[in-house]
1. For residues that are in a helix (DSSP H, G or I) and in contact with a Ser or Thr (Cβ under 7 Å, 6 or more places away or on another chain), scanning just the stretch 12-35, find the one that is surrounded by the fewest Cβ atoms within 10 Å (Cβ to Cβ).
2. Which numbered condition trips up V195, out of (1) at pLDDT 90 or above; (2) of a type outside the set (D, E, K, R); (3) over 12 Å from the mean Cα position of the chain (by Cα)?
3. Identify all residues within the stretch 179-197 that are out of contact with any Gly (no Cβ under 9 Å at 6 or more places or on another chain) and not in a loop (DSSP other than H, G, I, E, B); write none if there are none.
4. Name the single residue, out of those in the stretch 298-317 being in a helix (DSSP H, G or I) and without any contact (Cβ under 8 Å) to a residue 40 or more places away in the chain, that is surrounded by the most Cβ atoms within 10 Å (Cβ to Cβ).
5. Pick out the one residue from K38, K68, K9 that is in a helix (DSSP H, G or I) and touching a Phe, Trp or Tyr at 6+ places or on another chain (Cβ under 8 Å).
6. Considering only residues that are under 21 Å from E274 (Cα atoms), surrounded by fewer than 20 Cβ atoms within 10 Å (Cβ to Cβ) and out of contact with any Asp or Glu (no Cβ under 8 Å at 6 or more places or on another chain), which ones fall in the stretch 87-114?
7. Restricting attention to the stretch 150-178, and to residues there that are in a loop (DSSP other than H, G, I, E, B) and basic (K, R), which single residue is surrounded by the fewest Cβ atoms within 10 Å (Cβ to Cβ)?
8. Restricting to the stretch 96-140, what's the tally of residues that are closer than 19 Å to K305 by Cα and of a type in the set (V, I, T)?
Amino acid sequence: MKTFDDFTKSIKDLSDLNIDDSENAFDQILSQNIEKNKIIDFLISLSKKGESVDEIFGAVKSIKKKAKIIKGFKNSFDTCGTGGDGSKTFNISTICAIVTAASGICVAKHGNKAVSSLTGSADVLSELGININLEKKKIIECLKKINLCFLFAPNFHPILKNVADIRKEIGKRTIFNILGPLLSPVECKKQIIGVYDASILVKVAEVLKKLGTNCAWVVSGNKEYDELTTTGKNYIAEIKNNTIKEFEIDSIELGLKESKKEDLVGGDSKKNAEIINGILKGDILGAKKDIVLLNSASALYINSKIKNIKSGLEIVNETIESGKALKKLDDLIVLSNS
(Lines give C-alpha, C1' and ligand atoms only; values in the text may rest on other atoms or scores of the structure.)
Protein backbone atom coordinates (compact mmCIF):
# COMPACT_ATOMS: atom_id res chain seq x y z
CA MET A 1 0.00 0.00 0.00
CA LYS A 2 1.35 3.44 -0.96
CA THR A 3 2.29 5.88 1.76
CA PHE A 4 2.08 9.68 1.75
CA ASP A 5 5.84 9.77 1.21
CA ASP A 6 5.34 7.62 -1.90
CA PHE A 7 2.88 10.17 -3.27
CA THR A 8 5.32 13.02 -2.68
CA LYS A 9 8.16 11.06 -4.30
CA SER A 10 6.03 10.38 -7.39
CA ILE A 11 5.25 14.08 -7.71
CA LYS A 12 8.91 15.03 -7.31
CA ASP A 13 9.71 12.48 -10.03
CA LEU A 14 7.20 14.41 -12.19
CA SER A 15 4.74 11.51 -12.24
CA ASP A 16 1.04 12.35 -11.95
CA LEU A 17 -1.06 10.69 -9.26
CA ASN A 18 -4.17 8.86 -10.35
CA ILE A 19 -7.58 9.88 -8.97
CA ASP A 20 -7.57 7.34 -6.12
CA ASP A 21 -4.04 8.19 -5.00
CA SER A 22 -4.79 11.91 -5.07
CA GLU A 23 -7.98 11.38 -3.07
CA ASN A 24 -6.01 9.28 -0.58
CA ALA A 25 -3.29 11.92 -0.27
CA PHE A 26 -5.80 14.70 0.40
CA ASP A 27 -7.74 12.53 2.84
CA GLN A 28 -4.53 12.31 4.88
CA ILE A 29 -3.73 16.01 4.51
CA LEU A 30 -7.20 17.14 5.58
CA SER A 31 -7.40 14.72 8.50
CA GLN A 32 -4.09 16.14 9.78
CA ASN A 33 -2.49 12.72 9.91
CA ILE A 34 0.65 14.07 8.23
CA GLU A 35 3.35 16.33 9.63
CA LYS A 36 3.04 19.95 8.55
CA ASN A 37 6.43 20.07 6.85
CA LYS A 38 5.52 17.03 4.75
CA ILE A 39 2.24 18.63 3.67
CA ILE A 40 4.05 21.82 2.69
CA ASP A 41 6.61 19.80 0.72
CA PHE A 42 3.81 17.91 -1.05
CA LEU A 43 1.82 21.03 -1.98
CA ILE A 44 4.83 23.02 -3.18
CA SER A 45 6.13 20.05 -5.21
CA LEU A 46 2.68 19.58 -6.74
CA SER A 47 2.55 23.23 -7.80
CA LYS A 48 6.03 23.02 -9.31
CA LYS A 49 5.11 19.89 -11.30
CA GLY A 50 1.74 21.25 -12.34
CA GLU A 51 -1.52 19.74 -11.12
CA SER A 52 -3.05 17.11 -13.40
CA VAL A 53 -6.78 16.68 -14.08
CA ASP A 54 -6.89 13.47 -12.02
CA GLU A 55 -5.01 15.08 -9.13
CA ILE A 56 -7.44 18.00 -9.04
CA PHE A 57 -10.48 15.74 -9.34
CA GLY A 58 -9.18 13.41 -6.61
CA ALA A 59 -8.72 16.39 -4.29
CA VAL A 60 -12.28 17.58 -5.04
CA LYS A 61 -13.63 14.12 -4.18
CA SER A 62 -11.73 14.15 -0.89
CA ILE A 63 -13.02 17.57 0.19
CA LYS A 64 -16.61 16.88 -0.85
CA LYS A 65 -16.86 13.95 1.58
CA LYS A 66 -17.09 16.42 4.46
CA ALA A 67 -18.86 19.27 2.62
CA LYS A 68 -22.18 20.76 3.70
CA ILE A 69 -24.25 20.80 0.51
CA ILE A 70 -27.48 22.76 -0.03
CA LYS A 71 -29.78 20.84 -2.36
CA GLY A 72 -32.16 22.23 -4.95
CA PHE A 73 -30.12 24.99 -6.57
CA LYS A 74 -27.99 23.23 -9.19
CA ASN A 75 -29.38 25.61 -11.83
CA SER A 76 -27.83 28.60 -10.05
CA PHE A 77 -24.69 30.36 -11.30
CA ASP A 78 -21.33 31.13 -9.68
CA THR A 79 -18.60 33.65 -10.50
CA CYS A 80 -15.95 32.31 -8.10
CA GLY A 81 -12.39 32.42 -9.44
CA THR A 82 -9.07 31.00 -8.28
CA GLY A 83 -7.46 34.23 -7.14
CA GLY A 84 -3.70 34.23 -6.98
CA ASP A 85 -3.07 36.17 -10.18
CA GLY A 86 -1.17 38.92 -8.34
CA SER A 87 -2.87 41.67 -10.36
CA LYS A 88 -4.26 43.55 -7.32
CA THR A 89 -7.54 44.33 -9.09
CA PHE A 90 -10.70 45.28 -7.22
CA ASN A 91 -13.23 42.48 -6.58
CA ILE A 92 -14.49 42.10 -10.13
CA SER A 93 -16.16 38.70 -9.85
CA THR A 94 -17.99 39.87 -6.72
CA ILE A 95 -19.61 42.93 -8.29
CA CYS A 96 -20.36 40.84 -11.39
CA ALA A 97 -22.31 38.42 -9.21
CA ILE A 98 -24.49 41.33 -8.08
CA VAL A 99 -25.00 42.72 -11.60
CA THR A 100 -25.72 39.24 -12.99
CA ALA A 101 -28.34 38.57 -10.33
CA ALA A 102 -29.92 41.96 -11.03
CA SER A 103 -30.11 40.93 -14.69
CA GLY A 104 -32.33 37.96 -13.87
CA ILE A 105 -29.94 35.08 -13.10
CA CYS A 106 -29.99 33.12 -9.83
CA VAL A 107 -26.47 33.61 -8.45
CA ALA A 108 -24.96 31.60 -5.58
CA LYS A 109 -21.67 33.45 -5.14
CA HIS A 110 -19.08 31.23 -3.48
CA GLY A 111 -15.98 32.77 -1.93
CA ASN A 112 -13.61 33.31 0.94
CA LYS A 113 -11.50 35.87 2.73
CA ALA A 114 -8.19 36.83 1.17
CA VAL A 115 -5.56 34.09 1.09
CA SER A 116 -3.36 34.93 -1.89
CA SER A 117 -4.81 38.35 -2.75
CA LEU A 118 -5.30 41.70 -0.99
CA THR A 119 -9.06 41.41 -0.56
CA GLY A 120 -11.30 38.36 -0.91
CA SER A 121 -15.00 38.41 -1.78
CA ALA A 122 -15.93 37.78 1.85
CA ASP A 123 -13.83 40.75 2.97
CA VAL A 124 -15.40 43.24 0.58
CA LEU A 125 -18.97 41.97 1.06
CA SER A 126 -18.57 42.32 4.83
CA GLU A 127 -17.31 45.86 4.29
CA LEU A 128 -20.40 46.57 2.17
CA GLY A 129 -22.58 45.54 5.12
CA ILE A 130 -23.55 42.00 4.08
CA ASN A 131 -23.76 39.28 6.72
CA ILE A 132 -21.59 36.51 5.24
CA ASN A 133 -22.25 33.99 8.02
CA LEU A 134 -25.72 32.81 7.09
CA GLU A 135 -27.57 29.70 8.15
CA LYS A 136 -28.83 27.31 5.49
CA LYS A 137 -32.44 28.51 5.91
CA LYS A 138 -31.47 32.16 5.32
CA ILE A 139 -29.35 31.27 2.28
CA ILE A 140 -32.30 29.45 0.71
CA GLU A 141 -34.50 32.47 1.48
CA CYS A 142 -31.99 34.78 -0.25
CA LEU A 143 -31.82 32.59 -3.34
CA LYS A 144 -35.59 32.28 -3.58
CA LYS A 145 -36.50 35.89 -2.79
CA ILE A 146 -33.75 37.94 -4.45
CA ASN A 147 -31.87 35.46 -6.69
CA LEU A 148 -28.61 36.19 -4.86
CA CYS A 149 -26.66 34.91 -1.89
CA PHE A 150 -23.09 34.61 -0.67
CA LEU A 151 -21.74 31.22 0.32
CA PHE A 152 -18.82 31.70 2.73
CA ALA A 153 -16.52 28.79 1.93
CA PRO A 154 -15.36 27.94 5.49
CA ASN A 155 -18.97 27.43 6.58
CA PHE A 156 -19.48 24.73 3.95
CA HIS A 157 -16.03 23.19 3.90
CA PRO A 158 -14.96 23.32 7.57
CA ILE A 159 -12.40 20.59 6.90
CA LEU A 160 -10.35 23.16 4.96
CA LYS A 161 -9.57 25.03 8.17
CA ASN A 162 -7.07 22.24 8.77
CA VAL A 163 -4.89 23.61 5.96
CA ALA A 164 -5.59 27.34 6.41
CA ASP A 165 -2.42 28.02 8.40
CA ILE A 166 -0.36 25.92 6.02
CA ARG A 167 -1.63 27.90 3.02
CA LYS A 168 -0.74 31.15 4.76
CA GLU A 169 2.71 29.82 5.65
CA ILE A 170 3.35 28.82 2.03
CA GLY A 171 2.19 32.29 0.98
CA LYS A 172 1.85 31.34 -2.67
CA ARG A 173 -0.93 29.82 -4.74
CA THR A 174 -1.37 26.07 -4.45
CA ILE A 175 -3.84 23.48 -5.72
CA PHE A 176 -6.30 24.90 -3.16
CA ASN A 177 -6.66 28.02 -5.34
CA ILE A 178 -7.77 25.77 -8.18
CA LEU A 179 -10.09 23.76 -5.95
CA GLY A 180 -12.09 26.68 -4.51
CA PRO A 181 -14.27 27.38 -7.58
CA LEU A 182 -14.87 23.64 -8.05
CA LEU A 183 -16.48 23.25 -4.63
CA SER A 184 -19.77 25.15 -4.95
CA PRO A 185 -21.92 24.35 -1.88
CA VAL A 186 -25.01 24.25 -4.10
CA GLU A 187 -23.18 22.16 -6.72
CA CYS A 188 -24.18 24.65 -9.41
CA LYS A 189 -23.88 23.48 -13.01
CA LYS A 190 -23.19 26.88 -14.60
CA GLN A 191 -20.10 28.94 -13.85
CA ILE A 192 -17.53 31.41 -15.02
CA ILE A 193 -14.19 30.56 -13.44
CA GLY A 194 -11.24 32.88 -13.78
CA VAL A 195 -7.88 31.13 -13.37
CA TYR A 196 -4.50 32.58 -12.46
CA ASP A 197 -2.67 30.77 -15.27
CA ALA A 198 -3.83 30.22 -18.86
CA SER A 199 -2.02 26.89 -18.94
CA ILE A 200 -4.65 25.32 -16.65
CA LEU A 201 -7.71 26.45 -18.62
CA VAL A 202 -8.38 23.07 -20.22
CA LYS A 203 -7.44 21.16 -17.08
CA VAL A 204 -10.09 22.96 -15.05
CA ALA A 205 -12.60 22.51 -17.87
CA GLU A 206 -11.84 18.77 -17.86
CA VAL A 207 -12.55 18.61 -14.11
CA LEU A 208 -15.82 20.51 -14.62
CA LYS A 209 -16.72 17.94 -17.25
CA LYS A 210 -16.12 15.15 -14.74
CA LEU A 211 -18.32 17.02 -12.25
CA GLY A 212 -21.22 17.09 -14.73
CA THR A 213 -21.22 20.83 -15.42
CA ASN A 214 -23.84 21.95 -17.97
CA CYS A 215 -22.14 25.10 -19.23
CA ALA A 216 -19.12 27.00 -17.98
CA TRP A 217 -16.31 29.23 -19.12
CA VAL A 218 -12.85 28.89 -17.68
CA VAL A 219 -11.13 32.16 -18.50
CA SER A 220 -7.77 33.90 -18.38
CA GLY A 221 -7.62 37.60 -19.17
CA ASN A 222 -4.55 38.44 -21.22
CA LYS A 223 -2.87 35.41 -19.56
CA GLU A 224 -2.50 37.44 -16.36
CA TYR A 225 -5.97 38.00 -14.86
CA ASP A 226 -8.32 35.49 -13.25
CA GLU A 227 -11.26 37.07 -15.08
CA LEU A 228 -12.02 38.46 -18.50
CA THR A 229 -10.11 41.68 -19.07
CA THR A 230 -10.18 44.80 -21.20
CA THR A 231 -6.35 45.02 -21.22
CA GLY A 232 -5.86 42.50 -24.05
CA LYS A 233 -7.05 39.17 -25.41
CA ASN A 234 -9.12 36.77 -23.35
CA TYR A 235 -8.50 33.04 -23.49
CA ILE A 236 -11.44 30.76 -22.82
CA ALA A 237 -12.10 27.05 -22.45
CA GLU A 238 -15.84 26.41 -22.68
CA ILE A 239 -17.48 23.25 -21.40
CA LYS A 240 -20.90 22.76 -22.98
CA ASN A 241 -22.87 19.64 -23.87
CA ASN A 242 -20.00 17.55 -22.49
CA THR A 243 -17.61 19.08 -25.03
CA ILE A 244 -14.67 21.41 -24.46
CA LYS A 245 -13.93 24.18 -26.94
CA GLU A 246 -11.18 26.79 -26.81
CA PHE A 247 -11.51 30.30 -28.26
CA GLU A 248 -10.50 33.93 -27.72
CA ILE A 249 -12.39 37.17 -27.15
CA ASP A 250 -11.03 40.65 -27.79
CA SER A 251 -12.96 43.28 -25.85
CA ILE A 252 -11.98 46.00 -28.34
CA GLU A 253 -13.89 44.14 -31.05
CA LEU A 254 -16.93 44.32 -28.78
CA GLY A 255 -16.70 48.10 -28.67
CA LEU A 256 -15.00 48.45 -25.30
CA LYS A 257 -12.00 50.72 -24.90
CA GLU A 258 -8.66 49.04 -24.18
CA SER A 259 -7.55 49.75 -20.62
CA LYS A 260 -4.25 49.71 -18.78
CA LYS A 261 -3.38 47.48 -15.84
CA GLU A 262 -3.24 50.42 -13.45
CA ASP A 263 -6.81 51.36 -14.39
CA LEU A 264 -8.11 48.18 -12.75
CA VAL A 265 -6.16 48.23 -9.50
CA GLY A 266 -8.10 48.18 -6.25
CA GLY A 267 -6.91 48.15 -2.66
CA ASP A 268 -8.05 46.98 0.75
CA SER A 269 -11.64 45.94 1.49
CA LYS A 270 -12.71 49.52 2.25
CA LYS A 271 -11.27 50.82 -1.02
CA ASN A 272 -12.82 47.99 -3.04
CA ALA A 273 -16.20 48.50 -1.40
CA GLU A 274 -16.02 52.15 -2.43
CA ILE A 275 -15.25 51.10 -6.01
CA ILE A 276 -18.18 48.67 -6.11
CA ASN A 277 -20.57 51.28 -4.72
CA GLY A 278 -19.16 53.87 -7.12
CA ILE A 279 -19.78 51.68 -10.17
CA LEU A 280 -23.28 50.68 -9.06
CA LYS A 281 -24.22 54.29 -8.29
CA GLY A 282 -22.94 55.48 -11.67
CA ASP A 283 -20.12 57.56 -10.16
CA ILE A 284 -17.31 55.42 -11.59
CA LEU A 285 -17.17 54.93 -15.35
CA GLY A 286 -14.38 53.99 -17.76
CA ALA A 287 -12.14 50.96 -17.38
CA LYS A 288 -13.48 49.72 -14.05
CA LYS A 289 -17.06 49.76 -15.25
CA ASP A 290 -16.14 48.29 -18.64
CA ILE A 291 -14.52 45.20 -17.13
CA VAL A 292 -17.65 44.65 -15.04
CA LEU A 293 -19.81 44.93 -18.17
CA LEU A 294 -17.64 42.42 -20.04
CA ASN A 295 -17.72 39.78 -17.30
CA SER A 296 -21.41 40.29 -16.50
CA ALA A 297 -22.42 40.07 -20.16
CA SER A 298 -20.46 36.84 -20.44
CA ALA A 299 -22.39 35.49 -17.47
CA LEU A 300 -25.67 36.17 -19.30
CA TYR A 301 -24.29 34.36 -22.36
CA ILE A 302 -23.30 31.30 -20.33
CA ASN A 303 -26.83 31.24 -18.92
CA SER A 304 -28.32 31.38 -22.46
CA LYS A 305 -29.97 34.75 -21.81
CA ILE A 306 -28.36 36.39 -24.86
CA LYS A 307 -27.07 35.27 -28.26
CA ASN A 308 -23.85 37.26 -28.20
CA ILE A 309 -21.71 39.22 -25.74
CA LYS A 310 -22.22 42.55 -27.51
CA SER A 311 -25.97 42.55 -26.89
CA GLY A 312 -25.29 41.52 -23.32
CA LEU A 313 -23.14 44.60 -22.76
CA GLU A 314 -26.18 46.80 -23.39
CA ILE A 315 -28.36 44.77 -21.03
CA VAL A 316 -25.96 44.81 -18.09
CA ASN A 317 -25.21 48.49 -18.66
CA GLU A 318 -28.93 49.22 -18.38
CA THR A 319 -29.05 47.06 -15.24
CA ILE A 320 -26.46 49.33 -13.65
CA GLU A 321 -27.73 52.66 -14.99
CA SER A 322 -31.32 51.94 -13.98
CA GLY A 323 -30.27 51.30 -10.38
CA LYS A 324 -31.35 47.65 -10.46
CA ALA A 325 -27.88 46.40 -9.53
CA LEU A 326 -27.56 48.84 -6.64
CA LYS A 327 -31.00 47.77 -5.38
CA LYS A 328 -29.91 44.12 -5.62
CA LEU A 329 -26.94 44.90 -3.37
CA ASP A 330 -29.22 46.74 -0.93
CA ASP A 331 -31.66 43.80 -0.96
CA LEU A 332 -28.85 41.41 -0.01
CA ILE A 333 -27.64 43.72 2.77
CA VAL A 334 -31.14 43.93 4.27
CA LEU A 335 -32.12 40.29 3.86
CA SER A 336 -28.82 38.86 5.07
CA ASN A 337 -29.08 40.92 8.26
CA SER A 338 -32.76 40.25 8.94
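The values are calculated or read from the model by the stated rules, or taken from the named source; none is laboratory data. What you see is a predicted model, and the numbers here were worked out from it, not measured in a lab. Note that we place each Cβ from the backbone using ideal geometry, even for glycine, and neighbour counts take in every protein chain shown.
1. K12
2. Answer for V195: the failing condition is (3).
3. L179, L182, K190, Q191
4. G312
5. K38
6. Residue satisfying the conditions is K88 alone.
7. Across the stretch 150-178, the extreme among qualifying residues is K172.
8. Number of matching residues: 5.
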